[in-house]
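Enquirer: This is the structure I have questions about; it appears just below.
The values are calculated or read from the model by the stated rules, or taken from the named source; none is laboratory data. Just so we're clear, the structure is a prediction, and the values are computed from it rather than from any experiment. These area figures cover heavy atoms from the full protein model, side chains too; ligands, DNA and RNA do not enter into them. Shrake-Rupley method; radii C 1.70, N 1.55, O 1.52, S 1.80 Å.
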Amino acid sequence: VAEDSTELYFAEAELEGTPAPIVGALAKKEGDESKLVVKLDYPTYFGIMKNCTVATTRKAVAEAFENRAFPSNLEVLKDVIRARHQLSTVLGYSSFSAYNLENKMIKTP
């Protein structure tokens with residue numbers, strides 16, 4: 001996720017409501033000066049999501065943010081799921097969900 005280099009391109013009008021310091025810090029797209037380059041760093045992401053009045057812009061930024069590092073981290077996720085399952089079975093549980101719910105009010109997944 002930290003190495004994600006996703007870039008989105010928006011006209012300034014599509015960033016309506018986003019604070020001027022955030023918009024002012026955006027680079028212009030090479031070859032198309034009418035578009036600004038939006039990367040998915042936290043200050044830019046939250047500045048757009050909290051303030052931008054253009055719903056389609058917020059939707060595009062949210063979708064890109066939620067899909068950062070996909071599919072490159074898919075194997076890492078599969079390894080984590082495998083390790084959690086192995087831990088839960090070694091400890092005598094049928095699944096990680098059963099293990100995780102042991103100390104909760106609900107007792108079965």
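Enquirer: Nearest 10 degrees is fine. How inclined is helix 42-51 to the longest principal axis of the chain, computing both from alpha carbons?
Expert: In the chain, helix 42-51 runs at an angle near 70 degrees to the longest axis.
Enquirer: With runs of 4+ DSSP H residues as the only contributors, calculate the mean residue ellipticity of the chain at 222 nm using -39,500 (n - 2.57) per run, divided by the residue total and rounded to the nearest 500.
Expert: Computed mean residue ellipticity for the chain: -14000 deg cm²/dmol.
Enquirer: Could you do me a favour and compute the accessible area per residue for the chain, 1.4 Å probe, result in Å²? Working shown, then result.
Expert: Working: 7710 Å² over 109 residues.
For the chain, the solvent-accessible area averages 71 Å² per residue.
Enquirer: Would you mind telling me the share, in percent, of accessible area of the chain contributed by carbon and sulfur at probe 1.4 angstrom? Walk me through the intermediate numbers first.
Expert: Values: 4350 of 7710 Å².
Result for the chain: 56 percent of the exposed heavy-atom area is carbon or sulfur.
Enquirer: Of the cross-linked pairs Lys50/Lys78; Lys29/Lys78; Lys35/Lys59; Lys28/Lys50; Lys29/Lys59, which ones have a Cα-Cα span greater than 25 Å in the structure shown? Before the final figure, lay out the partial values.
Expert: Numbers: Lys50/Lys78 33 Å; Lys29/Lys78 36 Å; Lys35/Lys59 18 Å; Lys28/Lys50 22 Å; Lys29/Lys59 20 Å.
Result: Lys50/Lys78; Lys29/Lys78 exceed 25 Å.
Enquirer: What label, among (i) 63, 27, 24; (ii) 60, 29, 20; (iii) 44, 35, 34, belongs to Cα extents along the principal axes in Å computed from the structure on display?
Expert: Only one option fits the structure, namely (ii).
Enquirer: With just the Cα atoms defining each centre, how far is the range 1-48 from the range 53-109? Give it in Å.
Expert: If you average the Cα positions of each part, the centres end up 29 Å apart.
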